[in-house]
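Student: Next up is a structure, given as structure tokens.
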Amino acid sequence: MRFDAAIIGGGAAGNMAAWLLAKKGYRVVVLEKKGSIGKEVCGGLVSHRVLEMSKTEAVLNEIKGAYVYFPDGREICIGGDKTHAYVIDRQKFDFELAERAMAEGAIYKLKFAVKKISDDRIEGKEDIKFDYLIGADGTLSTVAKQFDMGSIEYINAVQGEAKIHADEDFVRVYINKSIAPGFFSWIIPDGEKARIGLGSSEKKLKQKIDNFAKMLNAEIKNVKGGIIPASIRKFFKHNVALIGDAAGQVKATSGGGIYASLLAANIMAENFPDFKKYEDEFMRKFGREIKKTILARKIFLKFDNEDFNYIADYIEKEVEIINRYGDIDYQAKVAKEIVKRHPAIAFYLLKKVIWR
């Protein structure tokens, strides 16, 4: 059988694309190398937009705000007035999307190791013929490498779970180079336990997560590693397109990519098989936001702990503005509002970029 679309990768991006394309009547196959759907390393913190697009029933907890901790010991509370985000069961979430795709006729082939890809054929435990290929196969995408669609920068991450005393309505974020150099560490309550993790520009994270656990006096179990894209690749070439982490559709400041993946899947399905329109519309709707987070991360990497404490002074003054404009999907808006009120921050950031 020849398929209109072959999708490599059964994560959120691949499953959403499969569901929407199958719903439109296309013959779709999803090839997943794992033996089951939904075993991703993910904080699982999403906005109301994700719930609306996915119609998921995988919500475990509602988050009303965040406690942010800085190197000088300061704790700044953001939010608290309403629900700002939701914690989802990522395995259930991915499986829900896959079930909907299958209900619309999409075919799933698990434990499918891709051996070779040509212009219209995938070789594995069987040969799959396709008209269009969609790479939803993560940050280290085989599809991207095969078709020379560009390299990508990434953040190493590790996460586990623990029983820990914490306010279930708030996440906790630690911005401190001694804990998580090049990114941050987090505690996300999911109702019964907490997801505890960190990201870093460094590669060996076992000692980092062990030190973080010791600081929290927590016993972290089921620790798994992952990688988070921090730049963008080409979205398409001829009859091949990338989506989700494979394309770098992730906010480089927070590592969040579920909303961007679902948005990309919707845009792709609306314009299929015109991948140029898919790229153009995604970049218009969300690409500029991602580019801003990539720039912000480049600045962030030049910061030391004294710089974080300096920025904390302004965050402390503008908690009300953050609460008013804060949005986990569109983060640039709140940064813009704070800089408008405090131009000194812009000069400070510029100095860091030029002289470091």
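The values are calculated or read from the model by the stated rules, or taken from the named source; none is laboratory data. Keep in mind it's a predicted model, so treat the numbers as computed, not measured. Cβ placement follows ideal geometry from the backbone for every residue including glycine, while neighbour counts extend to all protein chains displayed.
Student: Taking Arg284, is it closer than 28 Å to Arg90 by Cβ and either acidic (Asp, Glu) or in the same structural domain as Gly25 (by TED's automatic domain parsing) (or both)?
Tutor: no
Student: Kindly list, by first and then second residue, each pair from a residue in region 154-173 that is within 29 Å of Pro229 (Cβ to Cβ) to a residue that is of a type in the set (S, T, N, Q) and crowded, with 20+ Cβ neighbours inside 10 Å, limited to pairs with Cβ atoms under 8 Å and residues at least 6 apart or on different chains.
Tutor: Sorted first by the residue in region 154-173, then by its partner, the pairs are Tyr154/Thr139; Ile155/Ser200; Asn156/Ser200; Ala157/Ser200; Val173/Ser185.
Student: Okay, moving on. Can you go through Ile232, Ile258, Ile228, Ile179 and tell me which one is more than 15 Å from the chain's Cα centre (by Cα) and not aromatic (Phe, Trp, Tyr)?
Tutor: One residue alone meets the criteria, Ile179.
Student: Could you say which residue among Gly191, Gly182, Gly197 is in a strand (DSSP E or B), of a type in the set (Gly, Ala, Ser) and in the same structural domain as Ala265 (by TED's automatic domain parsing)?
Tutor: Gly197
Student: Give the residues of region 219-243 that are surrounded by 20 or more Cβ atoms within 10 Å (Cβ to Cβ) and either farther than 13 Å from Ile152 by Cα or without any contact (Cβ under 8 Å) to a residue 40 or more places away in the chain (or both), sorted by residue number.
Tutor: Ile220, Phe236, Val240, Ala241, Ile243
Student: Criterion first (not hydrophobic (A, V, I, L, M, F, W, C) and not in a helix (DSSP H, G or I)) does Arg233 satisfy it?
Tutor: yes
Student: Restricting the search to region 24-81, which residues are in a strand (DSSP E or B), closer than 28 Å to Val114 by Cα and among the aliphatic types (A, V, I, L, M)?
Tutor: Listed by number, the residues that qualify are Val28, Val29, Val30, Leu31.
Student: Within region 167-189, which residues are farther than 18 Å from Phe70 by Cα and either crowded, with 19+ Cβ neighbours inside 10 Å or of a type in the set (Lys, Arg) (or both)?
Tutor: Scanning region 167-189 gives a single hit, Pro189.
Student: Does region 117-143 hold any residues that are out of contact with any strand residue (DSSP E or B) (no Cβ under 6 Å at 6 or more places or on another chain) and assigned to a helix (DSSP H, G or I), and which are they?
Tutor: Thr142 - this is the single residue of region 117-143 that is out of contact with any strand residue (DSSP E or B) (no Cβ under 6 Å at 6 or more places or on another chain) and assigned to a helix (DSSP H, G or I).
Student: Quick check, is Ser118 free of Cβ contacts under 8 Å to residues at least 40 places away in the same chain and of a type in the set (Gly, Ala, Ser)?
Tutor: Answer is yes for this residue.
Student: Where residues in region 68-100 are buried (at least 20 other Cβ atoms within 10 Å of the Cβ), under 17 Å from the mean Cα position of the chain (by Cα) and among the charged types (D, E, K, R), which of them is nearest to Gly10 (Cα to Cα)?
Tutor: Asp94
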